[in-house]
1. Applying a 10 Å radius around every beta-carbon, put 201-213, 62-74 in order of their mean neighbour count, most first.
2. Where Lys and Arg each count +1 and Asp and Glu each count -1, what net charge lies around ALA149 among other residues with Cβ under 11 Å from its Cβ?
3. Provide the net charge surrounding ASP65, with neighbours chosen by a C-beta distance below 10 Å and charges set as Lys +1, Arg +1, Asp -1, Glu -1.
4. Name the long-range amide H neighbours of ASP151: under 5 Å, sequence gap of 5 or more, or other chain; modelled H, no Pro or chain starts.
5. Sorted from fewest to most neighbouring beta carbons within 10 Å, what does the list ARG120, ARG154 look like?
6. So what's the net charge close to TYR196: Lys and Arg +1, Asp and Glu -1, counting the other residues with Cβ under 13 Å from its Cβ?
7. Using θ = phi - 60° and the Karplus curve 6.51 cos²θ - 1.76 cosθ + 1.60, what whole-Hz ³J(HN,Hα) does each residue of region 61-75 get, with Gly and Pro shown as x?
8. Out of residues 5 or more away from GLY114 or on other chains, whose amide H comes under 5 Å of its own, with H placed 1.01 Å from N in the peptide plane?
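What follows is calculated from the coordinates using simple rules that are stated; it is not laboratory data. Keep in mind it's a predicted model, so treat the numbers as computed, not measured. Cβ: placed from backbone, ideal geometry, glycine included. Neighbour counts: every protein chain shown.
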Amino acid sequence: MSKKNLLFVFLIADLWLGIIGSAQCWNWIMDRRDNAPQNGFMLAYDENEQKVALLAGNLELWYFDGEMWDKYWEGFPDTGSDSLLYLGPAGIYFDENLHSLILFGIVGSYPEWGGIAAFRYTPGQGWKIYGDYLGMVIPLDGSQVLTLAYDSLRKRVVTLMTAVDVGNVTVEYDGFQFYMFPNPQGINFWDGYAAYDPEAQKVVFLGIGTYPNTDIHTFEYDGTTWTQVDDQPTCPGTNRDACWPAGLAYNPDLHGIVTIPMNIQETNTWLYIDGGWKILNTASSLTTRGWSWMTYDYKRKFCFFIQWASM
């Protein structure tokens, strides 16, 4: 189980932050409140609602309008079959082709013990399985969905997975069926974050990509193959403890992908643009950081950062 999953299980909400794209400074939005999700880390911007969506650990779907949280739904996804069990979330994203919020879920059924399925959200009706189901004859605990990013050009979500007897693969889903491709030799994604850059037309991954080597690197995916990017500044860099990213999000105002390292000693915000990382000299009051998630709010024009900390 990755550290993100441990956070998902054991920690509860402490604070929320936002970065205004043009001003390039972090601002507090709100602190912990009773009428707010108490756990969870999966974020996506819902174009239909024009709000940030968060999937909480107890399968509550919350929306944030820039000021307050509102719970829209609570309940298990409908798999469409008594023999196919929903076992846990793997990520959420907004599918621009289907015009819907999509949940990637871990599912299982004998003899296909482990696999993934896509569940489409309908307001007032919840999650229902949509399209094909990708099943693999593997033990469930041997599969891991690492991260995902929606490719708006090709209308596909790109997912990184590791699975017993399958290995490290890239899985794409077009809203109807799955496509699975082996990764190039030497590239073995283990943990990290991904975001899509529509200007570069590439998915960017920052994290551990050459496991068992646990150094942090940047990789680009052009829809065909993954390529390691050699431009590595001090942070995000190769030191895992100092430079582990606290989420990635594309910011159209800055024309690049934003991240901040989790280490509070590193005060800079970083922008990935034109194939390399550059420092944004942001005013920051981030005194604590934990496992987190990030997305961009297109209506309010800021990167939305959610952070969790223990009580």
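1. Top of the packing list down: 201-213, 62-74.
2. For residues surrounding ALA149, the net value is -1.
3. Charge balance near ASP65 sits at -1.
4. Placed amide hydrogens put ARG156, VAL157, VAL158 under 5 Å from ASP151.
5. ARG154, ARG120
6. -4
7. Each residue's phi maps through the Karplus curve to give 9, 10, 10, 10, 9, x, 10, 9, 8, 9, 7, 9, 7, 8, x Hz.
8. Counting only residues 5 or more places away or on other chains, the set is SER109, MET136, ILE138.
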